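Bear in mind these aren't lab numbers, they're just calculated from the coordinates by the rules spelled out. Everything numeric here is computed off the predicted structure, so don't read it as measured data. As a convention, Cβ positions derive from the backbone with ideal geometry for all residues, glycine included, and neighbour counts pool all protein chains shown.
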Amino acid sequence: MTDSTRLRIAIQKSGRLSKDCQDLLKQLGVKLELREQRLIAHATNMPIDVLRVRDDDIPGLVMDGVCDLGIVGENVLVEAQAERARQSLPSDVNKLAKLDFGYCRLALAWPQELGAQSKQWFEGKRIATTYPEILSQYLARENIKASVVMLTGSVEVAPRAGLADAICDLVSTGATLEANGLMQGETILESNACLIQNPALQDDAKLSLINKLLPRLRGVKQAKE
Ligand code: PRP
Ligand code: ZN
Ligand code: MG
């Protein structure tokens, strides 16, 4: 059941940010009963519903006002903003806080056996990525003409599968690159998880609830420092 008077927060259902998001909500005092297969979890002690979705869907849900808040990686946010702006769809969000988890970098990588390479090497190459907007902007900025191959997953196997010469993907520990014999190059974007809000949100009750949660968020951050 859905109820539009309840504050809706979108978080990643399963992936790198899920556990930290659930822990954060708990630290903010939001009591949730999360059942494995449920899309929506109702808080039992506050008028809050948590929607668990694919991370790539979170920016759009918040930009369109389907959800009031979202927790998402800046990498996913920046990509979605560029894509939606190009399609003339709403692409604004209020960034309420940068969170202290989900750190990763979006970096170029290529087969290790090729050894160190300069930027010029990418000229005329095919680069596989899940972040075509961010990569295209980088290539334009650097004046490199390369083709962008969009893959929604398994980007790290693209060179071996002959789908691309190089990749542009998220690196956290570096284990995925290492396991796939790839060498890490330049970082294009550094990213953390962040809390975003629909900029058109006007509901006084929801806004005052957010204003109650934000100082708690700062408290949680300080306690960790
Ligand atoms: C990213 C990336 C790699 C992995 C890198 O995926 O695509 O697969 O993390 O992490 P590592 O350097 O610690 O090995 P993510 O978890 O964001 O999942 P997704 O691509 O399904 O969104
Ligand atoms: Zn319900
Ligand atoms: Mg993803």
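Quick check: pseudo-label points 7 Å beyond the Cα along Cα→Cβ at Phe101 and Lys31, how many nm apart are they?
The two pseudo-label positions are separated by 2.1 nm.
Got a sec? Which residues in segment 1-17 would a label at Ala200 touch, if it sits 7 Å along Cα→Cβ and we count backbone N under 19 Å?
3-10
At q = 0.18 Å⁻¹, what log₁₀ I(q)/I(0) does segment 130-184 have when each alpha carbon counts as one equal point scatterer in the Debye sum?
One equal scatterer on each Cα of segment 130-184 leads to -0.62.
In nm, give the distance between the simple-model label positions of Ala161 and Lys221, each being 7 Å from the Cα along the Cα-to-Cβ direction.
3.9 nm
Among Ala107, Gln184, Ile196, pick out the residue whose Cα is farthest towards the positive end of the charge dipole of the chain, where Lys and Arg carry +1 and Asp and Glu carry -1 on C-beta, about the Cα centre.
In the chain, that residue is Ile196.
DSSP loop trypsin sites (Lys or Arg not before Pro) in segment 128-189 with at most 11 other Cβ atoms within 10 Å of their Cβ, which ones?
Sparse-neighbourhood loop trypsin sites (Lys or Arg not before Pro): Lys145.
Find the Rg to Rh ratio for segment 1-108, where Rh is the Kirkwood radius over alpha-carbon pairs and Rg uses the same atoms.
Result: Rg/Rh = 0.96.
Span-like helices, the chain: DSSP H, alpha-carbon axial extent 20 Å or more, mean Kyte-Doolittle -0.5 or greater, which ones?
Helices meeting the span and hydropathy rule in the chain are 204-224.
Arranged by the count of other C-beta atoms within 10 angstrom, fewest first, what order do Val155, Val78, Val72 take?
Val78, Val155, Val72
Please order Phe101, Phe122 by the number of other Cβ within 10 Å, starting at the fewest.
Starting with the residue having the fewest Cβ neighbours, the order is Phe101, Phe122.
Counting only DSSP beta bridges with both residues in segment 106-202, what percent are antiparallel, rounded to the nearest 5?
55 percent
Give me the compactness ratio for the chain, meaning the Cα radius of gyration over 2.2 N^0.38 Å.
1.12
Taking the mean number of other Cβ atoms within 10 Å as a proxy for protection, how do you rank 50-58, 202-210 from highest to lowest?
50-58, 202-210
Place a label point 7 angstrom from the Cα of Glu186 along the Cα-to-Cβ direction, then list the residues of segment 126-144 whose backbone nitrogen is under 11 Å away.
138-144
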